[in-house]
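Asker: Take a look at this one; I'll ask things after.
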Amino acid sequence: MRAAILREHGEPLAIRELPDPEPGPDDAVVRVDACGVCRSDWHAWKGHGEWADDRVPRGQVLGHEPAGEVIAVGDAVDRFTPGDRVVVPFSLGDGTCRYCRQGHGNVCADGSALGFEPDVPGAFAERMAVPRADYNLIERPSWLSARDAAALGCRYMTAYHALVERAGLAAGDRLAVHGCGGVGLSAIQLADAVGARVIAVDVDDETLSLAGDLGADELVNSTELGPDDDDDAGGDPDAADDVPGRIGDRTDGGADISVDALGIAETCRNSIRSVRPRGTHVQVGLTTEAERGEVSLPTDWMTRWEVSFVGARGMPPTSYDDLFALLESTDVDPGALVSDEVGLSAVSDRLAAMDDYDVRGVEVVTEF
């Protein structure tokens, strides 16, 4: 089978022939029909994560937003058979720990991250093996194509888990989204579906236009406002010429929920300063080499106004039915986020384009 392999951090991926995977007793082998190209792949490709002992090793097959069809299963697999249409989450649980049993398999103590660890080669490949298939594999509804299911991968399901399950977003809430890449646009589309009012923040007018098409009620280009004051840990929330001030003005005192969908220090602090008293900041974006996993926060201000800081990573496999039900009942089209379909050999160029944020929407590999 053909696969894209991380040869050197920051260098083009190698397209090579590898042996087809064979299923262990609890595993399934999936033919990959589509796989999203995500900013988390970019982090892995760049070699980020060393500060958290989470650097992806050379030789890894990347790719973690797959959808496809089961072609083989192990003897102990009960729920799936060849021919089943499936989605594969990137956060894989063991199915037995207390977190998995409580429905929180995305933080499984003995889990693994698809495409980021040697034991679980990723989905920039024609085929892939899914461990503990009965727990981790998700049946794909008949109305959901492989391409659109790939768009539901890491970014979309993370946005759902972050907003609905972690922050409790509901109709009428005011949401600020900082960074309108794949996860930010997913958050906007989902928030619009549940009836929230959305303010989108980005540095690019074309990206903001797309955010508006997907449901954002108001658009803020942060480059047109005053510079962030690092000494003030995020800017003066009473000043209308900074991002928190602009959001405060447009929400009568701050957003109920604000999400950092990028992961740099400026967007994290702006997001925190954008919420109202007793509001919630959700951290989804991972940091870069500049922050190395650490961002200084206005903790006294957060304490004074009882602001909650919530982290969100992926989504438990057990939550997919709820996500599918929301999409079907609201006629939300995750495929509207797909900006381009590419071949496996183009992945390196698409990752490099993320260096300068030169990617809009969600790009999906559909030719392997």
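Asker: Could you identify which residue out of Asp41, Asp358, Asp260 has the top mean-square fluctuation in a GNM of the chain using Cα springs shorter than 10 Å?
Answerer: Asp358
Asker: Can you give the extra length, in nm with one decimal, that the chain gains between Asn221 and Arg16 once fully stretched, where that is 0.36 nm per residue apart less the Cα-Cα distance? Please report the intermediate quantities before stating the final value.
Answerer: On the way: separation 205, 0.36 × 205 = 73.80 nm, distance 4.20 nm.
Contour length minus Cα-Cα distance gives 69.6 nm.
Asker: Okay, moving on. Across the Cα atoms of the range 168-311, what radius of gyration and what greatest pairwise Cα-Cα distance (Dmax) are found, in Å?
Answerer: Here Rg and the maximum Cα pair distance are 13.5, 38 Å.
Asker: I would also like to ask the following. Under 8 Å for C-alpha pairs, at least 6 residues apart: give me the relative contact order for the chain, rounded to a whole percent. Don't skip to the answer; put the middle values down first.
Answerer: Numbers: 911 pairs, mean separation 68.3, N = 368.
19 percent.
Asker: Please give the calculated 222 nm ellipticity per residue for the chain, where each DSSP H segment of at least 4 residues contributes -39500 (n - 2.57) and the sum is spread over every residue; nearest 500 deg cm²/dmol?
Answerer: Numbers: 12 runs with 92 residues, N = 368.
Helix-only estimate at 222 nm: -6500 deg cm²/dmol.
Asker: Also: Could I have the simple spin-label model distance between Ala353 and Val203, label points 7 Å from Cα toward Cβ, reported in nm to one decimal?
Answerer: So the two model labels end up 1.8 nm from each other.
Asker: Show me, for the range 271-284, the HN-Hα J-couplings you get by feeding each phi into the Karplus relation (A = 6.51, B = -1.76, C = 1.60, θ = phi - 60°), rounded to Hz, glycine and proline as x.
Answerer: 5, 4, 6, 8, 8, 6, x, 6, x, 10, 9, 10, 9, 10
Asker: Say each of Ala346 and Leu326 gets a label point 7 Å from the Cα, pointing the same way as Cα to Cβ; how far apart are those two points in nm?
Answerer: 3.0 nm
Asker: While we're on this one: GNM on the chain, C-alpha springs below 10 Å: top fluctuator among Pro244, Pro316, Pro298?
Answerer: So, out of Pro244, Pro316, Pro298, the one fluctuating most is Pro298.
Asker: As a footprinting exposure proxy, order Trp45, Trp301 by other Cβ within 10 Å, with the fewest listed first.
Answerer: Values: Trp45 24, Trp301 15.
Ascending number of Cβ neighbours within 10 Å: Trp301, Trp45.
Asker: Determine the gain in length on full extension of the stretch His9-Ala170; use 0.36 nm per residue of separation and subtract their C-alpha separation, reporting nm with one decimal.
Answerer: Details: separation 161, 0.36 × 161 = 57.96 nm, distance 4.09 nm.
Taking His9 through Ala170 to full extension adds about 53.9 nm, to one decimal.
Asker: What residue among Gly105, Gly83, Gly49 has the largest mean-square fluctuation in a Gaussian network model of the chain, using Cα springs under 10 Å?
Answerer: Comparing Gly105, Gly83, Gly49 in a Gaussian network model of the chain, the most mobile one is Gly83.
Asker: Given a cut-off of under 8 Å on Cα pairs at least six residues apart, what relative contact order in percent is computed for the range 1-158?
Answerer: Working: 387 pairs, mean separation 46.6, N = 158.
The normalised contact order for the range 1-158 reaches 29 percent.
Asker: Could you work out the relative contact order of the range 168-311? I mean the mean sequence separation of Cα pairs under 8 Å and 6+ apart, divided by the number of residues, in percent. Please list the in-between numbers first.
Answerer: On the way: 318 pairs, mean separation 30.0, N = 144.
Dividing the mean separation by the residue count of the range 168-311 yields 21 percent.
Asker: Taking only Cα atoms of the chain, what ratio of Rg to Rh do you get with Rh as the Kirkwood inverse-distance radius? List each step's numbers first, then the result.
Answerer: Values: Rg = 20.0 Å, Rh = 20.6 Å.
In the chain, Rg relative to Rh is 0.97.
Asker: Compute the length gained on full extension between Trp143 and Gln102: take 0.36 nm times their separation in residues and subtract their Cα-Cα distance, giving the result in nm to one decimal. List each step's numbers first, then the result.
Answerer: Details: separation 41, 0.36 × 41 = 14.76 nm, distance 2.91 nm.
My answer for the length gained is 11.8 nm.
Just so you know, all these numbers are worked out from the coordinates, no wet-lab data involved. This structure is a prediction, so every number in the text was calculated from the model and none was measured. Cβ: placed from backbone, ideal geometry, glycine included. Neighbour counts: every protein chain shown.
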